[in-house]
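Engineer: This is the structure I want to talk about, given as structure tokens.
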Amino acid sequence: MCGICGKFSPNYLCQKCYLLLKKQAKFIIEKKQEDENYFENHLYIFQYQGIIRRAILNYKFKEESYLYLTFVNFLLKNDFFFENFKSYDTIIPVPISKKRKKERGYNQSLLIAKELVKQINQEKKTLNLCTDALEKMKNIVPQSTLDKENRLKNIQGVYKLKNKEQLENKKILLIDDIYTTGSTVRECAKVLQQVDVEKIDVFTIAKD
């Protein structure tokens, strides 16, 4: 089923909707110069609006977990981003709390990360999926309900670094679904910077 229009499609994205998304896609690599970002580049495909906004909201809050296949199948049709992903050693999905995972049934960033690693490694095994380096230690008020200032306060000290030896000297791509203020991925990158990593970049499906 196509994740956009709902019609049958073996790749979860029909040709008509693929062309529609292609018109809206940006495929941006945005450099982050400020020290407080703790990461170098933000890669994203779309602006968070229109059909993409609706699709992400359905993905996160309406149990349409299959949409990760729609996003990844579209993403990997772009040769520029496909080749760029091969330059990393390790992909880390932003973790969610145990309570949130129980409520939702899945970690939306993990589903995207797993499918990316699976498809890219079919051509050449270059990426390691790391799910045990970051832990979200407590459930918090959803970031989407807060303004920028309170998002920063809400997310501080939430993540814990584990098994750091596996991250040393690695080029890391941190994956989340949407970038709004960047407070979540900045906090994750800040924690990862406790290790002597070579590089940290961030990938999201969309940017608000």
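The numbers here are math on the coordinates, done by the rules we state, and not lab data. A quick note: this is a predicted structure, and the numbers were derived from the prediction, not measured. Glycine gets a Cβ as well: all are built from the backbone with ideal geometry, and neighbour counts include every protein chain shown.
Engineer: At a 10 Å Cβ-Cβ cut-off, how would you order Arg186, Arg104, fewest neighbours first?
Structural biologist: Working: Arg186 21, Arg104 14.
Ranked by crowding around the Cβ, least crowded first: Arg104, Arg186.
Engineer: Please check: in the Gaussian network model of the chain (C-alpha springs, under 10 Å), which one of Phe71, Phe61, Phe27 has the largest mean-square fluctuation.
Structural biologist: Phe61
Engineer: Here is a follow-up. Compute the FRET efficiency between Glu36 and Glu64 as 1/(1 + (r/R0)^6), taking r as their Cβ-Cβ distance and R0 = 30 Å, and round to the nearest 0.05.
Structural biologist: Values: r = 35 Å, r/R0 = 1.15.
After rounding, the FRET efficiency stands at 0.30.
Engineer: Also, quick follow-up: How large is ³J(HN,Hα), in whole Hz, for each residue of the range 14-30 in order, when computed from phi with the Karplus curve 6.51 cos²θ - 1.76 cosθ + 1.60 and θ = phi - 60°, using x for Gly and Pro?
Structural biologist: 3J(HN,Hα) across the range 14-30, in whole Hz: 6, 4, 4, 6, 4, 5, 5, 5, 4, 5, 8, 5, 9, 6, 9, 10, 9.
Engineer: Follow-up. Figure the gain on full extension for Gln24 and Lys77 (residue separation times 0.36 nm, minus the Cα-Cα span) and round it to one decimal in nm. List each step's numbers first, then the result.
Structural biologist: Numbers: separation 53, 0.36 × 53 = 19.08 nm, distance 1.43 nm.
Length gained, Gln24 through Lys77: 17.7 nm.
Engineer: Around Tyr48, which amide H atoms from residues at least 5 apart in sequence, or from another chain, sit under 5 Å from its own amide H, with H modelled in the peptide plane?
Structural biologist: Lys207, Asp208
Engineer: Using θ = phi - 60° and the Karplus relation 6.51 cos²θ - 1.76 cosθ + 1.60, list the HN-Hα couplings for the range 77-89 in order, rounded to whole Hz, with x at every Gly or Pro.
Structural biologist: 7, 8, 4, 4, 5, 4, 5, 4, 4, 5, 7, 9, 8
Engineer: Using a 10 Å cut-off around each Cβ, can you sort Tyr18, Tyr159 from fewest to most neighbouring Cβ atoms?
Structural biologist: Working: Tyr18 17, Tyr159 22.
Starting with the residue having the fewest Cβ neighbours, the order is Tyr18, Tyr159.
Engineer: Enumerate the calculated ³J(HN,Hα) couplings along the range 182-191 in order (Karplus 6.51 cos²θ - 1.76 cosθ + 1.60, θ = phi - 60°), each rounded to whole Hz, writing x wherever the residue is Gly or Pro.
Structural biologist: Along the range 182-191, the couplings run x, 5, 5, 5, 5, 5, 5, 5, 4, 5 Hz.
Engineer: Moving on. Which residues' amide hydrogens lie under 5 Å from the amide hydrogen of Val197, considering only partners 5 or more residues apart or on another chain, with H built in the peptide plane?
Structural biologist: Amide H neighbours of Val197: Asn169.
Engineer: Could you tell me whether the range 27-207 comes out rounded, prolate or oblate from its Cα gyration tensor? Rule is a ≥ b ≥ c as square roots of the eigenvalues, rounded for a/c under 1.5, then prolate if a/b exceeds b/c, otherwise oblate. Provide the component values of the computation, followed by the final result.
Structural biologist: Numbers: a/c = 1.32, a/b = 1.04, b/c = 1.27.
Since a/c stays below 1.5, the shape of the range 27-207 is classed as rounded.
Engineer: Given H placed 1.01 Å from N in the peptide plane, which residues other than close sequence neighbours of Leu174 have an amide H under 5 Å from its amide H?
Structural biologist: Hits under the 5 Å cutoff: Ile92, Asp201, Val202, Phe203.
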